[in-house]
Amino acid sequence: QVQLVESGGGLVQAGGSLRLSCAASGSISGLNAMGWYRQAPGKQRELVAIITSGGRLNYADSVKGRFTISRDGAKNTVYLQMNSLKPEDSAVYYCHITAPGLAYWGQGTQVTVSS
């Protein structure tokens, strides 16, 4: 059983920063990619950022230059540093990890950016 525990969401003014964390616990073997997705009301869930086990990074165009994803392999934890936040970044942010043949989602954490 794998569990993902997210933290760090909240309310922030436009231009502010937040740091999300997602810690994976349980029987994890061969973690591959760890990433963050988000879903705003009435919209589809979209990829925000992903980091592979080899350290390759991929970002949505809308967050490039503002968000930074990183991971601590020893702790099975992935982070998302979000700077220069905009109201359009408001959404529920979900952690996602993959291992051979498996994929897991976190419960989601709300990020709200006020203008």
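The values are calculated or read from the model by the stated rules, or taken from the named source; none is laboratory data. Treat the numbers as computed from the prediction; the structure is a model and nothing was measured. A quick note on method: Cβ atoms are made from the backbone with ideal geometry, for glycine too, and the neighbour counts reach across all protein chains shown. For accessibility, only protein heavy atoms count, side chains too; no ligands or nucleic acids. Shrake-Rupley method; radii C 1.70, N 1.55, O 1.52, S 1.80 Å.
Report the FRET efficiency, 1/(1 + (r/R0)^6), for residue 84 and residue 105, where r is their Cβ-Cβ distance and R0 is 30 Å, rounded to 0.05.
Details: r = 27 Å, r/R0 = 0.89.
E between residue 84 and residue 105, to the nearest 0.05, is 0.65.
Pull up all non-local amide H partners of residue 32: gap of 5 or more, or a different chain, and H-to-H distance under 5 Å with H placed in the peptide plane.
Counting only residues 5 or more places away or on other chains, the set is 98, 99.
Taking every eigenvalue of the Cα gyration tensor of the chain, multiplying by 5 and rooting it, what semi-axes result, largest first, whole Å? Don't jump to the answer; show the numbers that get you there.
Working: eigenvalues 113, 39, 31 Å².
After scaling each eigenvalue by five and taking roots: 24, 14, 12 Å.
Hey, what's the chain come to in accessible area per residue, 1.4 Å probe, Å²? Working shown, then result.
Numbers: 6040 Å² over 115 residues.
Accessible area per residue, the chain: 53 Å².
Considering only 31, 47, 102, give the residue with the highest GNM mean-square fluctuation for the chain, with springs between Cα atoms whenever their separation is below 10 Å.
102
Got a sec? Which residues in region 63-102 would a label at residue 2 touch, if it sits 7 Å along Cα→Cβ and we count backbone N under 13 Å?
From region 63-102, the list is 76-78, 95-102.
R0 = 25 Å: FRET efficiency of residue 52 with residue 72, Cβ-based, nearest 0.05?
0.95
Out of region 12-68, which trypsin sites (Lys or Arg not before Pro) are coil in DSSP terms and have no more than 16 other C-beta atoms within 10 Å?
On the way: sites: 19, 38, 43, 45, 56, 64, 66; in loops: 43, 45, 56, 64, 66.
Those that pass, being in a loop and sparsely packed, are 43, 45, 56, 64, 66.
Taking θ = phi - 60°, what integer Hz values does the Karplus form 6.51 cos²θ - 1.76 cosθ + 1.60 yield along region 46-63, in sequence order, with x for Gly and Pro?
Going residue by residue, I get 10, 6, 9, 7, 9, 9, 8, 5, x, x, 6, 10, 9, 10, 5, 4, 5, 10 Hz, with x marking Gly and Pro.
Carbon and sulfur atoms: what percent of the 1.4 Å accessible area of the chain do they account for?
Values: 2860 of 6040 Å².
Whole-percent figure for carbon plus sulfur exposure: 47.
Tell me which residues come under 5 Å, amide H to amide H, from residue 85 once H is placed; ignore anything under 5 positions away on its chain.
Long-range HN contacts for residue 85: 15, 16.
Which shape class, rounded, prolate or oblate, goes with region 41-97 when its Cα gyration tensor gives a ≥ b ≥ c as root eigenvalues, a/c under 1.5 marks rounded, and past that a/b bigger than b/c marks prolate? Walk me through the numbers before you get to the answer.
On the way: a/c = 1.96, a/b = 1.63, b/c = 1.20.
Note, shape of region 41-97 comes out prolate.
Please find, in a Gaussian network model of the chain (springs between Cα atoms separated by less than 10 Å), the residue of 101, 15, 54 whose mean-square fluctuation is greatest.
101
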